[in-house]
Structure formats: C-alpha cells, structure tokens
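Please read the structure below before turning to the comments.
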Amino acid sequence: MIKTLCPRDYSEALYVGHFFRTGVPVVMDLTGLPDAEARQFVDFAAGLVCGRGGDMDRLSPKVFLLMPRGMAAGAEEG
C-alpha cells in the first residue's frame, strides 16, 4: 500500500511523518501549495528520510515518493 497525501498547509506534515514512520511509502503531492511552502515540506521530508534511513524520489516537480528503509522503489500501489 502507498499512501498519497495532498497537503493544504504545513500543519499536515505530521501525516507525512506518521505514515512514513509506520513503514508506509508516501507520495507527497505538493502541487496545491505555493513554492515556499512546498520547499518547507521537501526540507521536512529530506530530514525525515535521512533520520529514519529511507529514500526520496522526485516523481514530478512537486510530487515526491518517500520510501521507508528496506522498501524497494517500484512497489505497487494497493
């Protein structure tokens, strides 16, 4: 299962962190956010991935896939 989140403001970063920490890959779709707020999410996600030992891939300019440690890229959405 992959969780897709389309946050409306930075307060929703806690959902990205929650799913990632529980081992669920997260697609973070930031297309609805202004660039400055999207950069905050990317910074948050980079720290989360670095601290928890995962991987982050850019799927499009404002869409990112966060993969928890031990998960291979290319997992099928459920």
| said: Consider the stretch 55-67. How many of its residues are more than 12 Å from Val16 (Cβ to Cβ), in contact with a Leu (Cβ under 8 Å, 6 or more places away or on another chain) and touching a residue at least 24 places away in the same chain (Cβ under 8 Å)? | reply: 3
| request: Tell me which residues, restricted to the stretch 4-20, are part of a helix (DSSP H, G or I) and hydroxyl-bearing (Ser, Thr, Tyr). | output: Tyr10, Ser11, Tyr15
| remark: Residue hits (the stretch 52-62; crowded, with 17+ Cβ neighbours inside 10 Å and part of a strand (DSSP E or B)) are Met56
| task | Sort through Leu65, Leu33 and tell me the only one that's in contact with an Asp or Glu (Cβ under 6 Å, 6 or more places away or on another chain), aliphatic (A, V, I, L, M) and either part of a strand (DSSP E or B) or modelled with pLDDT of 95 or more (or both). | result | Leu65
| field | Checklist (1) within 11 Å of the chain's Cα centre (by Cα); (2) surrounded by fewer than 14 Cβ atoms within 10 Å (Cβ to Cβ) applied to Arg69, failing item | value | (1)
| Can you name the residue in the stretch 1-51 that is of a type in the set (Asp, Glu) and in contact (Cβ under 8 Å) with a residue 12 or more places away in the chain and, of all such residues, is surrounded by the fewest Cβ atoms within 10 Å (Cβ to Cβ)? | Asp9
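The values are calculated or read from the model by the stated rules, or taken from the named source; none is laboratory data. What you are looking at is a predicted structure, and each value in this text was computed from that prediction instead of being measured. Because the Cβ atoms are built from the backbone with ideal geometry, glycine has one as well, and the counts that use them run over all protein chains shown.
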